[in-house]
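**Student:** The structure follows.
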Amino acid sequence: MCTVVVDVPRESGEPVRILAVRDEDRHRPWRGIGQWWPERPGVRGVRDDRAGGAWLAVDPDARRLAVLLNREDLSQRADDEVISRGGIPLQSVAGTLAPTPATRGFNLVEVDAAGATVVEWDGLTVRRTRLAPGTHMIAHHGPDDPATPRIGRWLAEFRRVGVAPGAGWWAPWLEVVAASTADPSTSVLRRDKHDGLVLESLLVCAASVGADGVDVREAALSEPGEWDDTLADRLRAGIPARPQ
């Protein structure tokens, strides 16, 4: 399951910072950040080629970003009663997210220049939480839920190290990610079996969203689920994770 770390600034004028880790089947085709949706001019994101939707989407003009995390669906709906979750981030950055989504359960992190909101959908109920200033973690349960082992173990450490000033602000957070891999049970980088598939951490995105604009960068892991010492340098260089 994916992981998002988000820092909502305590001082006005500072950008919201996001570090997002995408977990997926390594054999499922996808494309790195690009303009993959002609019907949505200007919108960029990480595209799932199988369903055509997005994992992460950003509208730079609107100063909006959204990233999707799967969660358990508590409804009794059959597969033919639901649609792909991939349209959710695209709807979010367009401001057209349905009040009751017709998808399986998800957590959605919505970011704008003023802050961040977590939308939780379990197939029965929608909950929206505007995050308070400070650092938060989201995975497959509620925001900052210590019952999620990686959140219970590492949230305090992400808060302690904070973000670095200027370019390369993500460096302290990546040090925490690297340290977490010493224990697979609480690692931010995952390799988990789920519904007959092996889901592995494939991609790291770092983004800042503020009044001055949006900056989003990506780096694919050289080996899914394992720490990569070149991640920080590749995020700084802005090297595409997939050919554009």
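**Student:** Provide the packing ranking of 70-80, 5-15, 95-105, i.e. peptides ordered by the mean count of other C-beta atoms within 10 Å per residue, highest first.
**Tutor:** The peptides rank, most packed first, as 5-15, 95-105, 70-80.
**Student:** Another question, then. So for 155, 202, 197, fewest C-beta neighbours within 10 Å to most, what's the order?
**Tutor:** 197, 155, 202
**Student:** Take the alpha-carbon centre of region 22-69, take the same for region 218-232, and report the distance between them in whole Å.
**Tutor:** 19
**Student:** For residue 36, enumerate residues with amide H under 5 Å from its amide H, sequence gap 5+ or separate chain, H modeled in the peptide plane.
**Tutor:** Amide H neighbours of residue 36: 45.
**Student:** Something else now. Quote the convex hull volume per residue of region 3-237, based on C-alpha atoms, as a whole number of Å³.
**Tutor:** Considering the Cα atoms of region 3-237, their hull volume per residue is 123 Å³.
**Student:** How large is the charge dipole for the chain, taken about the Cα centre, if only the Cβ atoms of Lys, Arg (+1) and Asp, Glu (-1) carry charge, to the nearest 20 debye?
**Tutor:** 240
**Student:** Oh, and also: Can you give me the relative contact order of region 3-237 as a percent, contacts being Cα pairs under 8 Å and 6 or more apart?
**Tutor:** 22 percent.
**Student:** State the extension gain, in nm to one decimal, for the chain segment bounded by residue 127 and residue 236, taking 0.36 nm per residue of separation less the distance between their alpha-carbons.
**Tutor:** Result: 35.7 nm gained on full extension.
**Student:** Between residue 211 and residue 26, what is the label-to-label distance in nm when each label sits 7 Å out along the Cα-to-Cβ direction?
**Tutor:** For residue 211 paired with residue 26, the spin-label model returns 4.6 nm.
**Student:** Apply the a/c threshold of 1.5 to the C-alpha gyration tensor of region 96-140 and tell me whether it is rounded, prolate or oblate.
**Tutor:** prolate
**Student:** Roughly how far apart, in whole Å, are the Cα centres of region 154-203 and region 84-102?
**Tutor:** 27
**Student:** Could I ask something else about it? Using the reciprocal of the averaged 1/r over all distinct C-alpha pairs, how large is the Kirkwood radius of region 171-224 in Å?
**Tutor:** Evaluated on region 171-224, it is 13.0 Å.
**Student:** A further question follows. In nanometres, what is the gap between the two model label sites at residue 164 and residue 73, each 7 Å from Cα along Cα-to-Cβ?
**Tutor:** With each label placed 7 Å out from Cα toward Cβ, I get 4.2 nm.
**Student:** How large is the helix-only mean residue ellipticity at 222 nm for the chain, computed as the sum of -39500 (n - 2.57) over DSSP H runs with n ≥ 4, divided by its residue count, in deg cm²/dmol to the nearest 500?
**Tutor:** -4500 deg cm²/dmol
**Student:** Another question, then. With the cut-off at 1.5 for a/c, could you classify region 12-140 from its C-alpha gyration tensor as rounded, prolate or oblate?
**Tutor:** Oblate is the answer for region 12-140, as a/c is 1.5 or above yet b/c matches or exceeds a/b.
Where a number appears in this text, it was derived from the coordinates with a stated rule and is not lab data. Worth saying up front: this structure is predicted, and the values here are computed from it rather than measured. Ideal geometry is used to build each Cβ from the backbone, glycine not excepted, and the neighbour counts take in all protein chains shown.
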